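Data block below; observations after.
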Amino acid sequence: MSAQTQETVKRITVPEIAARKRGEPIVCLTAYDAPTAGLLDPHCDVLLVGDSLGMVVHGLPNTVGVTLDMMILHGQAVMRGSRRAMVVVDLPFGSYEASKEAAYAASVRVMQETGAQAVKLETGVEMAETVAFLVKRGIPVMGHIGLRPQAVLAEGGFKAKGRTDAERERVMAEAVAISEAGAFCIVIEGVAESLAREITDIIDTPTIGIGASAACDGQVLVITDVLGVFDWAPKFVRKYADLRTEIDRAAASFASDVRARRFPAEVETYFSKKPASS
């Protein structure tokens, strides 16, 4: 991308995403590094620096061990690699639950140190007050309801929500509370199709589904799942590539060439310059 093009490209804004309710579907993928962000940027409306990076990048068993410093580091990388997409950074477990003030301090750090346009919180009804507190102070907030990965230890695993009447009432209450608190967008994860559809119809806030059916106003997936990096992915994932096989093939070919001394070849080798003739 030329310097002139970089100057003319403008990032998608929070109001633009908020205005997409019942309009053109919002395209969102996770991103954790600059090169990947650069490849995804032309195709996505939103790049989410998700705390899923703890699992898919750092090999953690869940997202609970992710720190604010980790999120900021990866957020900075994604901002460097992207030009057009709006960038949203997750607030990790433990960085915002203690108080509204703690959430504000964490959000300010993320936005000042990364340049991202918004933060995302996993938001039960009890977080509505915090969301409103942040929004009133100029922090755009993306909510996250339904299956909440940061609660995996309390809930005993990753389980779809909204299949019982009690769960439906709880998730619907979350959606209404967070929408009314001022979130500009809400991720709905792992819920029954009928519930995702009902939430999307009722609230005025755009919804982005992940395992929540095509009824939502947009969709998000984890990029490593989309690219087929791992041998397993959740039910709701569609793999659009098989990079696991390609990476394995490339590494095996490299190893074979090194062991057989086929790499590096002459074309890949530096040689001393010939002395100038007298």
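Computed from phi, the 3J(HN,Hα) profile of the stretch 92-101 under the Karplus parametrisation 6.51, -1.76, 1.60 (θ = phi - 60°) reads x, 3, x, 9, 9, 6, 5, 6, 4, 5 Hz, with x in place of Gly and Pro.
Rounded to the nearest 10 square angstrom, T164 shows an accessible area of 70 square angstrom against a 1.4 Å probe. Within the accessible surface of the stretch 229-274, defined with a 1.4 Å probe on protein heavy atoms only, the carbon and sulfur portion equals 56 percent.
Each residue of the stretch 25-35 is assigned a 3J(HN,Hα), and the resulting list reads x, 7, 9, 9, 9, 7, 8, 10, 8, 5, x Hz, derived from the Karplus form 6.51 cos²θ - 1.76 cosθ + 1.60 (θ = phi - 60°), x at Gly and Pro. Of all beta bridges that DSSP places with both ends in the chain, some 0 percent have antiparallel geometry. Summary value for the chain: 16 percent relative contact order, contacts being C-alpha pairs under 8 angstrom separated by 6+ residues. Comparing A116, A196, A251 in a Gaussian network model of the chain where C-alpha atoms under 10 Å apart are linked, the largest mean-square fluctuation is found at A251. Sorting S95, S272, S256 on solvent-accessible area from highest to lowest, probe radius 1.4 Å, gives S272, S256, S95. Of the labelled figures (1) 21.7, 92; (2) 20.4, 63; (3) 19.4, 59, only one reflects Rg and Dmax of the Cα atoms in Å as derived from the coordinates, namely (1). For the set M86, M172, solvent exposure ranked by accessible area (probe 1.4 Å, protein chains only) runs largest to smallest as M172, M86. When the chain is treated as a GNM, springs tying every alpha-carbon pair under 10 Å, which of A233, A175, A265 comes out with the largest mean-square fluctuation? Looking only at A233, A175, A265, the biggest GNM fluctuation is shown by A265. In this view, the solvent-accessible surface of K239, computed with a 1.4 Å probe and all protein chains in place, comes to about 100 Å². Only protein heavy atoms count here; under a 1.4 Å probe, V78 has an accessible surface of about 0 Å². Out of T164, H58, A252, whose Cα points farthest toward the positive end of the dipole of the chain (charges: +1 Lys, Arg; -1 Asp, Glu; placed on Cβ)? So the residue furthest toward the plus end is A252. Dipole of the chain computed with +1 at Lys/Arg Cβ and -1 at Asp/Glu Cβ about the Cα centre; of V89, P206, A18, farthest Cα towards the positive end is V89.
Residues whose amide H comes within less than 5 Å of that of L60, counting only those at least five positions distant or on another chain, are M55 (H built at 1.01 Å from N in the peptide plane). Pairs from the table (K10/K136; K136/K239; K21/K136; K10/K120; K100/K235) lying more than 30 angstrom apart at Cα are K136/K239; K100/K235.
The charge dipole of the chain, taken about the Cα centre with unit charges on the Cβ atoms of Lys, Arg (+1) and Asp, Glu (-1), comes to about 880 debye, rounded to the nearest 20.
The values are calculated or read from the model by the stated rules, or taken from the named source; none is laboratory data. Since the model is a prediction, treat every value here as computed from it, not as a measurement. So basically every Cβ, Gly included, is an ideal-geometry build from the backbone, and we count neighbours across all protein chains shown. Accessible surface areas use protein heavy atoms only, side chains included; no ligands, DNA or RNA. Shrake-Rupley method; radii C 1.70, N 1.55, O 1.52, S 1.80 Å.
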